[in-house]
1. If I ask for residues that are under 23 Å from Gly76 (Cβ atoms) and assigned to a strand (DSSP E or B), which ones from region 154-189 would you list?
2. Given the residues Phe183, Phe202, Phe206, which is the only one that is out of contact with any strand residue (DSSP E or B) (no Cβ under 7 Å at 6 or more places or on another chain), surrounded by 11 or more Cβ atoms within 10 Å (Cβ to Cβ) and within 14 Å of Val161 (Cβ to Cβ)?
3. Out of everything in region 16-51 that is hydrophobic (A, V, I, L, M, F, W, C) and assigned to a loop (DSSP other than H, G, I, E, B), what residue ends up being nearest to Trp5 (Cα to Cα)?
4. Only residues that are touching a helix residue (DSSP H, G or I) at 6+ places or on another chain (Cβ under 6 Å) and assigned to a loop (DSSP other than H, G, I, E, B): list them for region 190-213, please.
5. Name every residue in region 111-129 that is at pLDDT 90 or above, closer than 17 Å to Glu158 by Cα and crowded, with 20+ Cβ neighbours inside 10 Å, in order of residue number.
Amino acid sequence: MNLEWIIEGLKKPGKSKIGLAKALKRAPSMITALLSGKRDLKAREIEIIARYLDVDPPVTQSVEYAPEIRTAFITGEVAGGVWMEPGLEFEPIPTTIAIDGRWQAEDVFLLRVRGTSINRHARDGDLVLCLNAHAAPRDFKAGDWVVAERQAADSRIETTVKRVQGDKRHGFFLMPDSDDSRFQEPIRLGKTDGEMVVVKAFVLEFIKKGTNF
């Protein structure tokens, strides 16, 4: 891909290689390698770079990424309404699964659904394939399925999977998707009444159980 749009964008006031590196969460040396042709530009980086430079990303031919068979780890469980003390350990479980080739292995993980907090979409025991938010090519928006953490004033943490609704002007909310009466209240993202709710990852795929015996 022609990188002239990046070079020109870095000439704008307030833009720099160091700032671009921070936006990408990479070392400044990576930007130097990229602009010198020693490193390829990854598809997921284009939108992040365009957003930092405040330019429209170049129009490129769409690319299909073949899934790759990899080992991902089940790193924990999500159960809406269940508060846990920080530091509780979960022994990661290796699982072989097909994963979009765009994502780095360390940024992809699995969580097991427990309970009925999203039972209209995922049942107890189903898995969700997740991408760390910092590795995603964009911020969350309405309609996205996400993994969010809600931290109480006493530092207890609730991890939940929900769909995002709302906008930047009026605020974003995590919407219930359950027929359980305990899980019907929307959860506001951000800080509210001493609680902090943040998006930690995007849900890439729901992996549903089959027959139970």
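1. Within region 154-189, Ile157, Glu158, Thr159, Thr160, Val161, Lys162, Arg163, Val164, Leu174, Met175, Ile187 qualify.
2. Selected residue: Phe183, the only one of Phe183, Phe202, Phe206 that is out of contact with any strand residue (DSSP E or B) (no Cβ under 7 Å at 6 or more places or on another chain), surrounded by 11 or more Cβ atoms within 10 Å (Cβ to Cβ) and within 14 Å of Val161 (Cβ to Cβ).
3. Result: Leu41.
4. Result: no residue meets the conditions.
5. If the condition is that a residue be at pLDDT 90 or above, closer than 17 Å to Glu158 by Cα and crowded, with 20+ Cβ neighbours inside 10 Å, then Leu111, Val113, Val128 are the ones that fit.
The values are calculated or read from the model by the stated rules, or taken from the named source; none is laboratory data. Note that this is a predicted model, so its numbers are computed, not measured. Using ideal geometry, Cβ is built from the backbone for each residue, glycine included, and neighbour counts are taken over all protein chains shown.
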